[in-house]
Amino acid sequence: MNLKHRLKHLRRKLRIKLLKIFGLPSAQMIAEKHTEQLCFATVNELKRIHNINIPLYPFRGAANSSLMYLIMRALTSYDFKNVIEFGCGQSTYIFDAILKIKQNKFEMTSFENNEFWQKQVQEKVDTPVTLAPLIQTQVLDQTVQFYDYKSKIGKEKFDFILVDGPYGVKNYSRYGSLNVILENLADDYVIIFDDAERWGEKQSYLSTVEQLRKKGLKFHTRLLEADKHQFIIASEKYRGVCHY
């Protein structure tokens, strides 16, 4: 399965590079730009409807419009109990804002390994952003760097998991999140992997799907493709998120 997906990933990159030589965008690039604009417009509409008055900037390494859209629509459409995110930033501002309008109807846990960025975000939100160093972590047959999170969450169960950190690497990027998913996943859940267009993240979400199937879980998946891609895994209760 990994080889099949790897070849597909490489073919896509080669096709885009060849078109760039002639100054042409691919059909997929055009579609992604269109989706990004639609998501940006919808984010602004959701902000208006729910009276969310925070500045959001979908540029560079920050959350793009499709990720903002997924978070805002999911959290305003469903009642989640326990949310965890890996990697703080604009997503944290959105979680915090929705937590306030929902009047503390869900618990929020956020991890960040960059001290400067953790302080920047924590100053602007009421939800706790935990500074967690990266440590060597064993995940199945791989040893990777991931947050030192275990003492903070114990045996808590999470029904909304956002994987957007730490900083991406070439292979098995953010793979440590798989331990959290296998050990701390609620019976009903939504999992979102950001930056899903990158090979390292793709390895992580494909392994997650494989391991959840081995556990006998039934779920739905969707790849949302805009300026960045998000891969969504949702249980039956939250399958609507896969149709966003």
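Given H placed 1.01 Å from N in the peptide plane, which residues other than close sequence neighbours of residue 108 have an amide H under 5 Å from its amide H?
83
Would you please classify the overall shape of segment 75-145 from the alpha carbon gyration tensor, given that a ≥ b ≥ c denote the square roots of the eigenvalues, rounded means a/c under 1.5, and beyond that prolate means a/b larger than b/c while oblate covers the rest?
Numbers: a/c = 3.14, a/b = 1.53, b/c = 2.05.
Verdict is oblate for segment 75-145.
Could you order peptides 137-146, 190-199, 48-57, 72-81 by the average number of other Cβ atoms within 10 Å of their residues, highest first? Before the final figure, lay out each step's value.
Values: 137-146: 16.0, 190-199: 22.8, 48-57: 11.7, 72-81: 17.5.
Ranking the peptides 137-146, 190-199, 48-57, 72-81 by packing returns 190-199, 72-81, 137-146, 48-57.
If I compute solvent accessible area with a 1.4 Å probe over the protein chains, what percent of it on the chain is carbon and sulfur? Intermediate values should be presented prior to the final figure.
On the way: 6740 of 12710 Å².
Answer for the chain is 53 percent, counting heavy atoms of protein chains only.
Measure out, as a whole number of angstrom, how far apart the alpha-carbon centroids of segment 12-79 and segment 146-191 sit.
Centre-to-centre (Cα) distance: 23 Å.
Note down the net charge around residue 220, summing +1 for each Lys or Arg and -1 for each Asp or Glu among other residues with Cβ under 13 Å from its Cβ. It would help to have the intermediate numbers written out before the result.
Numbers: positive: 213, 218, 222, 237, 239; negative: 188, 236.
Taking every other residue near residue 220 into account, the sum is +3.
Pull up the DSSP beta bridges for segment 51-178 and report the antiparallel fraction as a percent, rounded to 5.
35 percent
Using only DSSP helix segments of four residues or longer, with each worth -39500 (n - 2.57), what per-residue ellipticity at 222 nm results for the chain after dividing by its residue count and rounding to 500?
Values: 8 runs with 104 residues, N = 244.
Value at 222 nm, helices only: -13500 deg cm²/dmol.
Using the Cα gyration tensor of the chain, with a ≥ b ≥ c the square roots of its eigenvalues, what is the shape: rounded (a/c below 1.5), prolate (a/b larger than b/c) or oblate (neither)?
Working: a/c = 1.45, a/b = 1.13, b/c = 1.29.
It is rounded, given that a/c, with a ≥ b ≥ c, falls under 1.5.
Going down the table (33/100; 119/218; 152/215; 13/124), which pairs top 29 Å between alpha carbons? Don't jump to the answer; show the numbers that get you there.
Numbers: 33/100 32 Å; 119/218 39 Å; 152/215 25 Å; 13/124 38 Å.
Over 29 Å Cα-Cα: 33/100; 119/218; 13/124.
If you add up the charges near residue 4, with Lys and Arg at +1 and Asp and Glu at -1, over every other residue whose beta carbon is less than 12 angstrom from its beta carbon, what do you get?
Numbers: positive: 6, 8, 11, 202; negative: none.
Every neighbour counted, the sum reads +4.
Antiparallel as a % of all DSSP beta bridges within the chain, to the nearest 5?
Values: 16 of 33 bridges.
Beta bridges within the chain, antiparallel portion: roughly 50 percent.
From the phi of every residue in segment 7-16, what ³J(HN,Hα) in whole Hz does the Karplus formula 6.51 cos²θ - 1.76 cosθ + 1.60 yield, where θ is phi - 60° and glycine or proline is x?
Karplus-based 3J(HN,Hα) across segment 7-16 equals 5, 4, 5, 5, 4, 5, 4, 5, 4, 5 Hz.
So, for the chain, what is the accessible surface per residue at a probe of 1.4 Å, expressed in square angstrom?
Working: 12710 Å² over 244 residues.
The answer is 52 Å² per residue.
In whole Hz, with x marking every Gly and Pro, tabulate ³J(HN,Hα) for segment 227-241 from phi via Karplus 6.51 cos²θ - 1.76 cosθ + 1.60, θ = phi - 60°.
Computed from phi, the couplings for segment 227-241 are 4, 10, 10, 10, 9, 10, 10, 9, 6, 4, 4, 10, 4, x, 4 Hz.
The values are calculated or read from the model by the stated rules, or taken from the named source; none is laboratory data. Worth saying up front: this structure is predicted, and the values here are computed from it rather than measured. All Cβ positions, glycine included, derive from the backbone under ideal geometry; neighbour counts span all protein chains shown. Note: accessible area is taken over every heavy atom of the protein model, side chains too, but ligands, DNA and RNA are not part of it. Shrake-Rupley method; radii C 1.70, N 1.55, O 1.52, S 1.80 Å.
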